[in-house]
Amino acid sequence: MRRKGVKVCRKCKAIVDKKVNKCPVCGSETFTTRWEGILIIISTDSYIAKYLGINMEGDYAVKIF
């Protein structure tokens, strides 16, 4: 899936603005624009966030290429 204006961090799968050069979640500088599915974390206390090891609220890609 390609969406204008966003890219995905290859390390933590956070969806960020295309203008960002450094991931605000993990600090990585490697990104992709090819991804599928979206996971929106609104609480880091949720089962899904804990299971996936997500420590920051936000939008995450389910699968990246």
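Points to keep in mind about this one:
- Candidate set from the range 41-61 (those that are among the aromatic types (Phe, Trp, Tyr) and exposed (fewer than 13 other Cβ atoms within 10 Å of the Cβ)); member that is farthest from CYS9 (Cα to Cα): TYR47
- Tabulated pairs, the range 1-15, first modelled with pLDDT under 95, second aromatic (Phe, Trp, Tyr), C-beta under 9 angstrom, 6+ apart or interchain: MET1/TRP35; ARG2/TRP35; ARG3/TRP35
- Looking across the range 13-27 at every residue that is among the aliphatic types (A, V, I, L, M) and closer than 15 Å to ARG3 by Cβ, the one that is surrounded by the fewest Cβ atoms within 10 Å (Cβ to Cβ) is identified as VAL20.
- Evaluating PHE65 against the criteria (1) at pLDDT 95 or above; (2) exposed (fewer than 14 other Cβ atoms within 10 Å of the Cβ) leaves one unmet condition, (1).
Residue-wise test of (1) of a type in the set (A, V, I, L, M); (2) under 26 Å from LYS4 (Cα atoms).
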{"position": "GLU29", "(1), (2)": "no, yes"}
{"position": "GLU36", "(1), (2)": "no, yes"}
{"position": "ILE40", "(1), (2)": "yes, yes"}
{"position": "GLY53", "(1), (2)": "no, no"}
{"position": "GLY58", "(1), (2)": "no, yes"}
{"position": "LYS63", "(1), (2)": "no, yes"}
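The values are calculated or read from the model by the stated rules, or taken from the named source; none is laboratory data. Just so it is clear, the model here is predicted, and its values are computed rather than measured. We place every Cβ from the backbone using ideal geometry, glycine too, and count neighbours over all the protein chains shown.
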